[in-house]
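**Student:** Pasting a structure below so you can have a look.
The values are calculated or read from the model by the stated rules, or taken from the named source; none is laboratory data. Model, not experiment: these values are computed from the prediction. For neighbour counting, all protein chains shown are included, and Cβ atoms are generated from backbone atoms with ideal geometry for every residue, glycine included.
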Amino acid sequence: MKRDDLLPVVLAVPGVALGVSGLLHPHRLLPETADRWYVLHLAGLVVFPLVGVALMTLVRHRSDPLAWVVRVAAFTYAVFYTALDVVYGVAAGDVTRAMESGYRRSADFSAMLRVGVDLGEVGSWSLLVCAVALVVDQVGRHRLAGLPALALVPGAWLVHTDHIFSPGGVVGMLLIGVATGLLGLNLTAPAERGRPSDATWSRSSAS
C-alpha cells in the first residue's frame with residue numbers, strides 16, 4: 001500500500017477524534033468535572049491544530065490565491081482555537097479542580113475565561129472562512145468529487161456555536177473530519193497526482 005493511499009484516513013482522524021471526544025466533554029466546568037475537562041483539553045492541544053493542518057493539506061503543492069486563503073484561514077483557526085483550549089480548557093480546568101464544591105468564580109477568573117472565549121471566536125470564524133473557501137475551491141476543481149466540501153460549512157458553524165459539546169459540536173467535528181477525509185481522496189486520484197502545481201503550470205505556460 002502506497003503512503004498516499006492512507007492520506008484520506010489520516011486527514012479524517014483529527015476531526016473524527018475530536019468529535020468522539022466531545023461525547024465525553026462535560027457541559028459545565030465544575031470542581032467535580034474539572035479533572036475530565038482538564039485531561040480532554042490537554043489532549044486537544046495536539047488535536048485541535050491538526051484539524052487545521054488537515055485542511056491545509058487539501059491545497060498542498062499549490063500557490064494560487066484561493067489556496068493561500070485556505071492556508072491562512074486554517075492557520076489562524078489553529079492558533080486562536082488552540083489559545084481557547086489553553087485558557088478555557090487547560091488553565092481553567094486545572095484551577096477549578098483545586099476549588100471546593102459549591103465554589104463561586106472570582107471576577108479575575110471570569111475575566112480570564114472571557115479572554116479565552118474571545119480568542120476562540122477568532123479561531124472559529126477563521127474555520128468558517130476556511131470551510132467556505134474550500135467549498136469554492138474543491139467544487140470548482142473537482143466538481144462532483146468536491147461536493148463533500150459542502151459538509152465543512154455546517155460542521156464549522158456547529159463548532160462555532162457549540163465547540164465540541166454534544167450533540168451539536170460532536171456532529172460538527174465529525175462532519176469536518178469525514179468531509180476532510182473524503183476530499184483527501186481527490187489528492188490520491190491518478191489525475192491529481194499527475195497534475196502539475198499551479199506555480200509549475202504558470203512557469204511552463206510562460207516559457
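**Student:** List the pairs whose first member sits in the stretch 28-52 and is at pLDDT 95 or above, whose second member is surrounded by fewer than 14 Cβ atoms within 10 Å (Cβ to Cβ) and part of a helix (DSSP H, G or I), and whose Cβ atoms are under 8 Å apart, counting only residues at least 6 apart or on separate chains?
**Tutor:** Filtered contacts from the stretch 28-52: no entries.
**Student:** A follow-up question, please. Working only within the stretch 121-162, note down all residues that are buried (at least 22 other Cβ atoms within 10 Å of the Cβ) and within 15 Å of G177 (Cα to Cα).
**Tutor:** L127, C130, A131, L134, P148, A149, L152, G155, A156, L158, V159 - these are the residues of the stretch 121-162 that are buried (at least 22 other Cβ atoms within 10 Å of the Cβ) and within 15 Å of G177 (Cα to Cα).
**Student:** Follow-up question, since we're still on this one. Exactly one of (1) farther than 30 Å from N186 by Cβ; (2) in a helix (DSSP H, G or I) is unmet by V47. Its number?
**Tutor:** (1)
Okay, residues lined up against (1) closer than 26 Å to V90 by Cβ; (2) of a type outside the set (A, V, I, L, M); (3) in contact with a Ser or Thr (Cβ under 6 Å, 6 or more places away or on another chain):
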| site | (1), (2), (3) |
| --- | --- |
| V122 | yes, no, no |
| W125 | yes, yes, no |
| L128 | yes, no, no |
| A133 | no, no, no |
| V139 | no, no, no |
| R143 | no, yes, no |
| P148 | no, yes, no |
| A151 | no, no, no |
| W157 | yes, yes, no |
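**Student:** Could you please give the count of residues in the stretch 1-21 that are in a helix (DSSP H, G or I) and either more than 17 Å from D85 (Cβ to Cβ) or modelled with pLDDT under 95 (or both)?
**Tutor:** Total satisfying the criteria: 12.
**Student:** Given the options T57, T96, T82, T76, name the one that is surrounded by 15 or more Cβ atoms within 10 Å (Cβ to Cβ), at pLDDT below 95 and not aliphatic (A, V, I, L, M).
**Tutor:** Matching residue, one of T57, T96, T82, T76: T96.
**Student:** I need the full set of residues from the stretch 123-137 which are within 19 Å of M173 (Cα to Cα) and not aliphatic (A, V, I, L, M), in order please.
**Tutor:** G123, S124, W125, S126, C130
**Student:** Also, quick follow-up: So, L127, is that one at pLDDT 95 or above and more than 19 Å from V72 (Cβ to Cβ) or not?
**Tutor:** no
**Student:** Hey, does the stretch 28-47 have a residue that's exposed (fewer than 14 other Cβ atoms within 10 Å of the Cβ) and of a type in the set (A, V, I, L, M, F, W, C)?
**Tutor:** Yes - at least one qualifying residue is present in the stretch 28-47.
**Student:** Would it be correct to say that A149 is at pLDDT below 95, over 15 Å from Y81 (Cα atoms) and small (G, A, S)?
**Tutor:** No.
**Student:** Kindly indicate whether R203 is modelled with pLDDT under 95, part of a helix (DSSP H, G or I) and not polar (S, T, N, Q).
**Tutor:** yes
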